[in-house]
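First the structure, in the form of structure tokens, and then the observations on it.
The values are calculated or read from the model by the stated rules, or taken from the named source; none is laboratory data. The shown structure was predicted, so the numbers you read here are calculated from the model rather than taken from an experiment. Cβ atoms come from the backbone with ideal geometry, glycine included; neighbour counts cover every protein chain shown. Accessible surface areas use protein heavy atoms only, side chains included; no ligands, DNA or RNA. Shrake-Rupley method; radii C 1.70, N 1.55, O 1.52, S 1.80 Å.
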Amino acid sequence: MNKLVGAKIIGVGAGVPISVVTNADLEKLVATSDEWITTRTGIKERRIVSGDETTSGLATEAARDALGFAGIEPADLDLIIVATSTPENLYPSTACMVQGAIGATKAACFDMEAACTGIVYALAVGQQFINTGMYKNVLVVGVDVHSRFLDWEDRNTCILFGDGAGAFVLQAADDDRNDMLATYLRADGTGGHLLKIPNTGMGYPRAEVTPPIKKVDRFLQMQGRQVYEFAINAVPEAVRTAAEKAGITVADIDYFVPHQANRRIINSAADKLGMTKEQIVSNVDELGNTSAASIPLALWQALRRKQIKTPAICALVGFGGGLTWGAAIIRWSAVDKRAEQNTKVAET
Ligand code: UT7
């Protein structure tokens, strides 16, 4: 077998809706309180689409931002993978819509779905195309607009989610560099009923079916407590296994970048892994659970806040519907090419 080509991670980007919905706003919709939401989840506010904001629009914004960070043009892209559970249509794929919007004319495109773990799966898939030498530049986007699939009268679920998109750019290394140190992907289809958005695809019942279905239930349904128990075990297991695959120990990990579902899940997993407060990357307070977008959005914000000192070994770990879970151990050393450019201009 030929030597595998290393994958560099050269960009990260974000696209979030303009409209902020606070816990106080939700107090007007359902029987809840800022105090309950804050103590049970850590969420203070989230962004929700309004006006003409869409899944593909948010994904396009994140894609442009990540390409700007990476300093490459849309025409340089060979492949676009979009991880989403909430596409605008069955087809065209969201990846094709992004491609058309940014003018990535030579990029192949497809969507994939692994719920909130989608971005970890998509990174692993994108990496394969680079490792084999098939493609040089791969854009990976995680995007979800759960607000369209929430029952805004159900306090158990509507307080948890926010909309958003996050993206990474992978590039084939022309030297020995490899930033994708290991990935570990898991699923347990027997737990699918614990977290689902039913009746949105072929399962959408037709009016003429017998017996006639009066009400089509197409909103997100979750057994919160069971998903919580699953998550607090799955996250540490995924990080430990991925670290082992990378040939490092958990103690070698600099930052823990988990799916942003609930601050209690994040803290419990971090405790089990022996991570300090400074190592935890979290913005669940500001964006809520943005599903497939949450990991790149958390990393993106931590870089802007200068929490992350590079180069850094980061454990990205996702969990969610399917059930799915998984982790990617990455080395983050990318520098925003726009900032570099601005520094050069300022120096001249
Ligand atoms: O990305 C997808 C992955 N999803 C997740 O990771 C979610 C995992 N689960 C969770 O984060 C937590 O289970 C929740 C935050 C959803 C719920 O927290 P909990 O501590 O597990 O609460 P609970 O479901 O056991 O409910 C406790 C009480 C119930 O009242 P009773 O039956 O004890 O009287 C609920 O009806 O809290 C009530 N409750 C609320 N009260 C005020 C549930 N939601 C609310 C609410 N405001 N929004």
| remark: Among beta bridges assigned by DSSP with both residues in the chain, the antiparallel ones amount in percent, to the nearest 5, to 70
| Rh by Kirkwood over Cα pairs, then Stokes-Einstein D for region 7-180 at 1.002 mPa s and 20 °C, µm²/s | 127
| remark: With every protein chain kept in place and a 1.4 Å probe, the chain has an accessible area per residue in Å² of 44
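Tally up the carbon and sulfur contribution to the accessible surface of the chain as a whole percent, 1.4 Å probe, everything protein left in place. Please report the intermediate quantities before stating the final value.
Values: 8100 of 15440 Å².
C and S fraction of accessible area: 52 percent.
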| query | For helix 55-70, what angle does its Cα long axis make with the longest principal axis of the chain, in degrees from 0 to 90 and rounded to 10? | reply | 20
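For region 182-332, rounded, prolate or oblate, judged on the Cα gyration tensor with a ≥ b ≥ c (square roots of eigenvalues), a/c < 1.5 rounded, else prolate if a/b > b/c? Mind dumping the intermediate values first?
Values: a/c = 2.62, a/b = 2.11, b/c = 1.24.
Because a/c hits 1.5 or more and a/b exceeds b/c, region 182-332 counts as prolate.
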| field | Charge dipole magnitude, Cβ of K and R +1, D and E -1 - region 7-180, Cα centre, debye nearest 20 | value | 160
| said: Could you give the length gained by full extension between residue 310 and residue 132, i.e. 0.36 nm per residue of separation minus their alpha carbon distance, to one decimal place? | reply: 61.3 nm
| task | Would you compute, from DSSP H runs of 4+ residues alone, the mean residue ellipticity of the chain at 222 nm, taking -39500 (n - 2.57) per run and dividing by the full residue count, rounded to the nearest 500? | result | -10000 deg cm²/dmol
| field | Size of charge dipole - the chain - debye, nearest 20, with Cβ of Lys, Arg +1 and Asp, Glu -1, no other charges | value | 360
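Arrange the peptides 240-249, 142-151 so that the one whose residues have, on average, the most other Cβ atoms within 10 Å appears first. Walk me through the numbers before you get to the answer.
Numbers: 240-249: 16.8, 142-151: 24.6.
Highest mean packing first, the order is 142-151, 240-249.
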| said: Which entries of 44/277; 272/337; 309/344; 28/309; 8/344 have Cα-Cα distances beyond 30 Å here? | reply: 272/337; 28/309
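How would region 257-348 be classified by its alpha-carbon gyration tensor: rounded, prolate or oblate, with rounded meaning a/c under 1.5 and the a/b versus b/c comparison settling the rest?
On the way: a/c = 2.25, a/b = 1.98, b/c = 1.13.
It comes out prolate by the Cα gyration axes.
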| query | Using just the C-alpha positions of the chain as equal point scatterers, what log10 of I(q)/I(0) does the Debye formula give at each q in 0.06, 0.07, 0.15 1/Å? | reply | -0.20, -0.28, -1.29
| query | Hey, can you rank 297-304, 191-198, 82-89, 170-177 by average C-beta count inside 10 Å, highest first? | reply | 82-89, 297-304, 191-198, 170-177
